[in-house]
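In what follows, a structure is listed as structure tokens, so that the remarks can point back to it.
The values are calculated or read from the model by the stated rules, or taken from the named source; none is laboratory data. The structure presented is a predicted model; accordingly, all values stated were derived computationally and were not measured. For neighbour counting, all protein chains shown are included, and Cβ atoms are generated from backbone atoms with ideal geometry for every residue, glycine included. Protein only, heavy atoms only, side chains kept; ligands, DNA and RNA dropped before computing areas. Shrake-Rupley method; radii C 1.70, N 1.55, O 1.52, S 1.80 Å.
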Amino acid sequence: RTLAVEWPRAVLLCPVCSGMWWSVFRTTRRAAVALGGSTVCGTVALSSFPATKPRKEIPRIASSVSSPHLPTTVLVHGLDSSKQTWSAVLAELTAQGYPAVAIDLRGHGESDLGDVADFAPEALARDVVRAVEQDLSIARPWVLVGHSMGGRVAMRVAAIAALEAPDMLAAVVVEDMDAVVRPTDDLHGQSDAVGFDRRFASADEARAALVRHGYAPDRVLAWLGARVRRLPDGSWWSDVNPDAKRFARERVLGSADADRAWTVLESVCRQRASGDETAATSPSLPFDVHLWVAADAETCCHWAGPRSVSNLQDRLPGTSVARFDAAGHSIHNTARPEFVAHLIGVINHAARTKLLLGNDAPRPPPPR
């Protein structure tokens, strides 16, 4: 048998097996070592090493989730949902050359629930940041879109970015969500015990389990093949998780965290405006903020009152508000062409701002 290896200039080979024979055939830089006998065993000591070659710059590789010319768009789903809800939007963005990725929040889709004691807006938000910047290695800044409950998570991500990493985000889009605390009276007295297994032996078993947890049979039937689907091993998986729904309602939608996150954004705006006459007349964050609202008959948003859409805009004057009068609560699915067109406008504006001004420079008004 022959083993070809790369050698330095001097070699010392010490066999330790008595029945072993060897020979070395040297060339200027390479040697062929012929090994014989039933046992191959030995130690190689290198007396010198080749000169270190200068390290070359590693080329940046573009993909469907990363581009040197456009910020990546990160899509976050709402309650009882998963990354699957963004399939059509992802396809359209990718077809038009816009990098994007959808993420499952903890306990939803295919993501682990983790320690239920940690389930909170802050943890969900930091999950998103870690997934984007560490797991996926997506470059800053990126555009964040959060639908419904995911919009609350997006608000907390925005607060984290404003305080800790001003260069992290290019824009934040909150789809059909305000900061009003939602009622959770029906959850009072329930324990934190979890026990919903999202894997099932059959579609009928998955459907029956979800119906037992209060989901309407017709709704569950509509999920088959999408949020409830067959896996390659023949088992069935449910992206919908009643345990995660309970904690999300109680600790995200039923909390005042979105209002606190918005207060952080207000504070950062004031800090940026202090000492800057231009900023004082039009205070802004280092990224654009958008609130998108569905039709009046379909939206879950409040237009007036504390923590409403109007209140949030008044508290953060740079916020852009857009109404989608023909859309249901899931604007991205019920008015997809309009949603994608608006989103591409946000991405393009963010890209121009990033390339021309830099992430921390004063920003022109965002598209409305």
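Under the condition of being over 18 Å from SER284 (Cβ atoms) and open to solvent by less than 10 Å² (accessible area, probe 1.4 Å), which residue from the range 165-181 is nearest to the chain's Cα centre (by Cα)?
Within the range 165-181, the match that is nearest to the chain's Cα centre (by Cα) is GLU175.
Check whether at least one residue in the range 327-338 is more than 24 Å from the chain's Cα centre (by Cα), charged (D, E, K, R) and crowded, with 16+ Cβ neighbours inside 10 Å, and report yes or no.
Scanning the range 327-338 turns up no residue that is more than 24 Å from the chain's Cα centre (by Cα), charged (D, E, K, R) and crowded, with 16+ Cβ neighbours inside 10 Å.
Residues that are at pLDDT below 95, of a type in the set (S, T, N, Q) and touching a Phe, Trp or Tyr at 6+ places or on another chain (Cβ under 7 Å), at least 3 per element: which helices (runs of 4 or more DSSP H) completely within the range 179-275 meet that?
Output list is empty.
Taking the range 128-146 only, how many residues are open to solvent by 10 Å² or more (accessible area, probe 1.4 Å) and closer than 22 Å to ARG251 by Cβ?
Of the residues in that region, 3 qualify.
Residue check, GLU110 against (1) open to solvent by 50 Å² or more (accessible area, probe 1.4 Å); (2) under 10 Å from the mean Cα position of the chain (by Cα), all met but one. Which one?
So GLU110 meets the others, but not (2).
Exactly one of (1) modelled with pLDDT under 95; (2) open to solvent by 20 Å² or more (accessible area, probe 1.4 Å); (3) not in a helix (DSSP H, G or I) is unmet by PRO286. Its number?
With respect to (1) modelled with pLDDT under 95; (2) open to solvent by 20 Å² or more (accessible area, probe 1.4 Å); (3) not in a helix (DSSP H, G or I), PRO286 is out only on (2).
Let me spell it out: the conditions are (1) within 20 Å of ASP80 (Cα to Cα); (2) modelled with pLDDT of 95 or more; (3) not acidic (Asp, Glu), and ALA170 meets all of them except one. Which number is the exception?
Single failed check for ALA170: (1).
Got a number for residues in the range 130-150 being more than 22 Å from THR353 (Cα to Cα) and touching a helix residue (DSSP H, G or I) at 6+ places or on another chain (Cβ under 8 Å)?
Looking only at that region, the number is 2.
So, SER137, is that one of a type in the set (S, T, N, Q) and modelled with pLDDT under 95 or not?
yes
Is there any pair with a first residue in the range 335-355 that is over 21 Å from TRP86 (Cα atoms) and a second that is aliphatic (A, V, I, L, M) and surrounded by fewer than 18 Cβ atoms within 10 Å (Cβ to Cβ) whose Cβ atoms are under 9 Å apart and which are 6 or more apart or on different chains, and what are they?
THR353/ALA361
In the range 203-251, how many are of a type in the set (Gly, Ala, Ser) and more than 20 Å from VAL116 (Cβ to Cβ)?
Residues flagged as of a type in the set (Gly, Ala, Ser) and more than 20 Å from VAL116 (Cβ to Cβ) within the range 203-251 amount to 9.
Could you look through the range 306-326, keep only residues that are without any contact (Cβ under 8 Å) to a residue 40 or more places away in the chain and in a loop (DSSP other than H, G, I, E, B), and pick out the one that is most open to solvent (accessible area, probe 1.4 Å)?
Among them, the one singled out is ASP325.
If the requirement is being surrounded by 13 or more Cβ atoms within 10 Å (Cβ to Cβ), in contact with a helix residue (DSSP H, G or I) (Cβ under 7 Å, 6 or more places away or on another chain), of a type in the set (Gly, Ala, Ser) and closer than 19 Å to GLY254 by Cα, which of these qualifies: ALA162, ALA158, ALA125?
That would be ALA125, the only listed residue that is surrounded by 13 or more Cβ atoms within 10 Å (Cβ to Cβ), in contact with a helix residue (DSSP H, G or I) (Cβ under 7 Å, 6 or more places away or on another chain), of a type in the set (Gly, Ala, Ser) and closer than 19 Å to GLY254 by Cα.
Within the range 211-221, can one find any residue that is in contact with a helix residue (DSSP H, G or I) (Cβ under 6 Å, 6 or more places away or on another chain), touching a residue at least 24 places away in the same chain (Cβ under 8 Å) and either among the polar types (S, T, N, Q) or open to solvent by less than 30 Å² (accessible area, probe 1.4 Å) (or both)?
no
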